[in-house]
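Only one structure is covered here, and it is reproduced in the block below.
The values are calculated or read from the model by the stated rules, or taken from the named source; none is laboratory data. Values in this document were obtained by computation on a predicted structure and should not be read as measured data. Counting neighbours? That spans all protein chains shown, and the Cβs are built from the backbone with ideal geometry, glycine included. Surface accessibility is based on the protein's heavy atoms, side chains included, excluding ligands, DNA and RNA. Shrake-Rupley method; radii C 1.70, N 1.55, O 1.52, S 1.80 Å.
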Amino acid sequence: DLPSSGTSTAETEPDGLIFIGKEEDIKKSQRTTAKVNGREVVVFYHEGKFHALDSRCYHEGGPLRLGAIEDINGQACIVCPWHKYVITLETGEGLYEGINPLEPSPTPQWQSKGVKQRIHKVTIDNGNVYLSPPDLSVSFDSDYFADKYKNGGDLSM
Ligand code: FES
């Protein structure tokens, strides 16, 4: 049996995965935070799926763990509480509403800026939720703030 974990501690499992919490607890709370190799990560349970992202927004480091989840163009997105940037839970893409001025009657359309927020792989095993350590050979804009807030900050909800 695994020892239970609080929101700010995590144990590394023998196979390299990092224990985040009990599946049923996170399903109930809908979100939790954890430290993964020192970085703040937020885990959401939304419409039957788990998603994990760097907790600090790629724009200026806002706390995504406090953001609201909205459906935008059929995609579940977290809206940063600081300047309302929109990030897809599934892919970490930054979305923006853009206008094509060449259209006869331009209307704003949601478009992707590409993957800006690092997402983390979630594994469910035997009622426990784990994250994989990040692959740092690939970099994302959110890495800057993940590093800046590394091993610091207050993860309380
Ligand atoms: Fe998230 Fe600016 S810090 S939108």
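Summary table below
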| read-out | value |
| --- | --- |
| Simple spin-label estimate for K150 and D15 in nanometres, 7 Å along Cα-Cβ | 2.7 nm |
| Distance-filtered residues of the stretch 22-49 - backbone nitrogen under 17 Å, label point 7 angstrom along K121 Cα→Cβ | 36-37 |
| Lysine pair number, Cα distance threshold 29 Å (strictly under), the stretch 12-138, separation 8 or more or different chains | 26 |
| Helical contribution to [θ] at 222 nm, DSSP H n ≥ 4, -39,500 (n - 2.57), averaged over the chain, rounded to 500 | -2000 deg cm²/dmol |
| 1.4 Å probe accessible area per residue over the stretch 34-103, in Å² | 42 Å² |
| Mean separation of Cα contacts under 8 Å, 6 or more apart, over the residue count of the chain: relative contact order % | 24 percent |
| Carbon and sulfur %, accessible surface of the chain computed with the full protein complex present, 1.4 Å | 48 percent |
| Positive dipole terminus of the chain, leading residue within T88, F50, N100 (C-beta point charges) | N100 |
| Where GluC sites (Glu not before Pro) fall in DSSP loop in the stretch 26-67, at most 10 other Cβ within 10 Å | E47 |
